[in-house]
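Each reported figure results from applying straightforward, stated rules to the coordinates on display, with no laboratory input. Quantities reported herein were computed from a predicted structural model and do not represent experimental measurements. Please note: Cβ atoms are built from the backbone with ideal geometry, for glycine as well, and neighbour counts cover all protein chains shown.
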Amino acid sequence: MRTPSARIVVDAAVLVAAARGRKIGAVSAAAAVRGLLTTARAVEEAHRRIELGMRLPALIPVLDRIVEELAVAPTATYAPLIPAAEEALRDAVPSRNGTTRDAHILALAWIADADIWSADRDFAGAGVASWSTANLMCALLA
């Protein structure tokens, strides 16, 4: 198994799962050995899912504490690469679902020379290693 990169971009789904208590230990474990980063858009998306989608506003402080363990990259850092990331996601063979909503995550991964931590398959074939929580924990604890 390949070793995860020194920096890992975390997507909104992982943040939501951690706030719900499912992956909070994994986030702390990964943050102890790797630089975790995300985008402001991913944080906003996680807030929206928890507050409006799941209707669990009591989890917002938990999410905010989790986000404190990550670096939130300024949009200007990766914005120039978003069009290319959208194209890569549209053309990625494994997903081929045409979604480009996570282009900000891919663009940040390219800029930061980082892997991606996500439950989505959308990143497969986009030129960056992506990790599920289970695989990431196995690789980090090996």
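The table below lists the values:
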{"read-out": "The one condition in (1) in contact with a strand residue (DSSP E or B) (Cβ under 7 Å, 6 or more places away or on another chain); (2) of a type in the set (A, V, I, L, M, F, W, C); (3) in a helix (DSSP H, G or I) that Ala46 fails to fulfil", "value": "(1)"}
{"read-out": "Candidate set: the stretch 124-142, residues that are exposed (fewer than 14 other Cβ atoms within 10 Å of the Cβ) and not small (Gly, Ala, Ser); chosen: the one nearest to Ala12 (Cα to Cα)", "value": "Cys138"}
{"read-out": "Residue within the stretch 43-60 that is under 18 Å from Ala112 (Cα atoms), small (Gly, Ala, Ser), touching a residue at least 12 places away in the same chain (Cβ under 8 Å) and crowded, with 16+ Cβ neighbours inside 10 Å present", "value": "no"}
{"read-out": "Wholly enclosed helices (runs of 4 or more DSSP H) of the stretch 69-142 bearing at least 2 residues in contact with an Asp or Glu (Cβ under 9 Å, 6 or more places away or on another chain), more than 16 Å from Ser5 (Cβ to Cβ) and not aromatic (Phe, Trp, Tyr)", "value": "82-91"}
{"read-out": "Members of the stretch 61-84 that are touching a residue at least 40 places away in the same chain (Cβ under 8 Å) and more than 16 Å from the chain's Cα centre (by Cα)", "value": "Val62"}
